[in-house]
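K.L.:
Here it is, the structure in full.
Laboratory data are not the source of any read-out in this text; all were calculated from the coordinates shown. Here the structure is a predicted model, which means the values were calculated and not measured. So basically every Cβ, Gly included, is an ideal-geometry build from the backbone, and we count neighbours across all protein chains shown.
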Amino acid sequence: MKEIIKIKNYCKNKGIKFFLSNNIKLSIKLNLNGAYIPSYNKSFKHLSYLFKKEFELIGSAHNLKEIRVKELQQVKSIFLSSLFKKNKNYLGINKFNIKTKLTKRKIIALGGVSKENLKKLKLLKCDGFSGISYFE
């Protein structure tokens with residue numbers, strides 16, 4: 001718990017939002033900016049919690065069914081993967097764009113984004129990107 005408080009204070013001093021993964025109750029208790037709900041979390045119990053107006057829920061999805069779950073969980077933004085990384089959740093540009101048109105939520109591209117394929121993001125309907133590959 002002390003480590004989370006340290007990170008929270010660091011982020012606050014730097015003007016960085018801090019989202020705790022998969023623990024909405026603790027995120028509220030610690031007055032964080034929000035919480036991240038992974039694709040495998042299908043719970044709706046957080047909908048009975050009281051949130052501050054600025055509190056944000058974000059989540060991840062790999063297919064239309066998971067996108068619909070995230071919408072019902074009332075997330076503001078969805079990390080949609082995998083865009084470029086060829087794994088079991090691989091979408092590619094065309095499937096990615098089709099999925100983004102099926103929701104009104106903000107979409108963040110995830111999965112294999114690198115400096116080599118960065119220009120291809122212009123072909124996407126997305127509000128941002130995230131990726132370890134880009135920063136390596």
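K.L.:
Tell me which trypsin sites (Lys or Arg not before Pro) from region 91-126 have a DSSP coil assignment and no more than 16 other beta carbons within 10 Å of their own.
P.N.:
101, 104, 115, 125
K.L.:
Placing unit charges on C-beta atoms (Lys and Arg positive, Asp and Glu negative, everything else neutral), compute the dipole magnitude of region 2-135 about its Cα centre in debye, rounded to 20.
P.N.:
Taking the Cα centre of region 2-135 as origin, the dipole is about 120 debye.
K.L.:
Continuing with the same structure: Which longest run of the chain has no exposed loop site in it, a site being chymotrypsin sites (Phe, Trp or Tyr not before Pro) in a DSSP loop with at most 14 other beta carbons within 10 Å, and the site itself not part of the run?
P.N.:
Result for the longest clean stretch: 50-136.
K.L.:
Using the basic label-point model (7 angstrom from Cα toward the beta carbon), what is the residue 106 to residue 22 distance in nanometres?
P.N.:
In this crude spin-label approximation the distance works out to 2.4 nm.
K.L.:
Moving to a separate point now. How do 64, 110 rank when sorted from fewest to most other Cβ atoms within 10 Å of their own Cβ?
P.N.:
64, 110
K.L.:
Where Rh denotes the Kirkwood radius from the mean inverse Cα pair distance, what is Rg over Rh for region 2-135?
P.N.:
With Rg and the Kirkwood Rh in hand, the quotient comes to 0.99.
K.L.:
Using the 10 angstrom Cβ neighbour count as an exposure proxy, how do 46, 62 rank, fewest first?
P.N.:
Final ranking by Cβ density, sparse to dense: 46, 62.
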